[in-house]
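Beneath this line is the structure, given in structure tokens, with notes to follow.
The values are calculated or read from the model by the stated rules, or taken from the named source; none is laboratory data. It should be emphasised that the depicted structure is a prediction, and the values quoted were computed from it without experimental measurement. Cβ placement follows ideal geometry from the backbone for every residue including glycine, while neighbour counts extend to all protein chains displayed. Ligands, DNA and RNA are stripped out before the accessible areas are found, and what is left, the full protein with its side chains, is counted by its heavy atoms. Shrake-Rupley method; radii C 1.70, N 1.55, O 1.52, S 1.80 Å.
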Amino acid sequence: MNGVPLERVEIFKYLGVLLRSNLSWSDHIAMVCSKARKLLGLLYRQFYNHATPSTIKQLYLSLVRPHLEYAAPLWDPYLQKDVDALEGVQKFAMKLITRKWDQGYTQLMQMVDLPSLQHRRLHLKLQHMFRIIHGLCDFPSIFHETTSYCERRARSHLLHQPFARTNAFFNSFVPSGATAWNHLTEQQVTASSLQAFKGLLH
């Protein structure tokens, strides 16, 4: 670039996200899980014996969960080991909140009244799709070309899904986002606003 050779690297951190040359997000997920676990350790040491469950829950939602969801539509994992690693962090947080160390994850989510991180990532991805399709944010034109409206189907909101030769690309944002979008109802995709769209997701 400008006459200067660029060094080839296998992994690079850009805007807080670890990018790997093979499009694997496992390194990034391991990084955010490690950071979140350290924060949970701090909450445990400072607040577990002194704060109410509602206070610890709010601290988790304010200080920890954002790290587990930053840029999540981009790196939303499809490998079960990565999904489990993220959910494991939230499971520990819920045990801190409820002080129920022998409960399963499903029971803990019901007790704390929080959805799984995987469920939230799907909603975050769909919300970003809504912004793009309705012109509420800038996005490279290739997305619009790749996911133009499909008129040959009965449901006018269906998007074309690009062909993917690898699992990494198939599960990346554009193909997986189009797949998730195509499972929505006509009422959802034609919502009058982003806020209305959020209310129709379940």
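Return yes when residue 54 is in a helix (DSSP H, G or I), open to solvent by less than 70 Å² (accessible area, probe 1.4 Å) and not hydrophobic (A, V, I, L, M, F, W, C) and no when it is not. So residue 54 fails the test. Return a yes/no flag: does region 31-50 have any residue that is part of a loop (DSSP other than H, G, I, E, B) and open to solvent by 40 Å² or more (accessible area, probe 1.4 Å). Among the residues of region 31-50, at least one is part of a loop (DSSP other than H, G, I, E, B) and open to solvent by 40 Å² or more (accessible area, probe 1.4 Å), which makes the answer yes.
Of all residues in region 68-126, those being buried (at least 17 other Cβ atoms within 10 Å of the Cβ) and not in a helix (DSSP H, G or I) number 3. Name the residues in region 65-104 that are within 17 Å of residue 14 (Cα to Cα) and over 10 Å from the mean Cα position of the chain (by Cα), would you? Correct list: 67 only. For region 5-26, a residue qualifies if it is in contact with a helix residue (DSSP H, G or I) (Cβ under 9 Å, 6 or more places away or on another chain), in a loop (DSSP other than H, G, I, E, B) and of a type in the set (Ser, Thr, Tyr), and exactly one does: 24. Looking only at region 78-131, residues that are without any contact (Cβ under 8 Å) to a residue 24 or more places away in the chain and of a type in the set (Lys, Arg) come to 3 in all.
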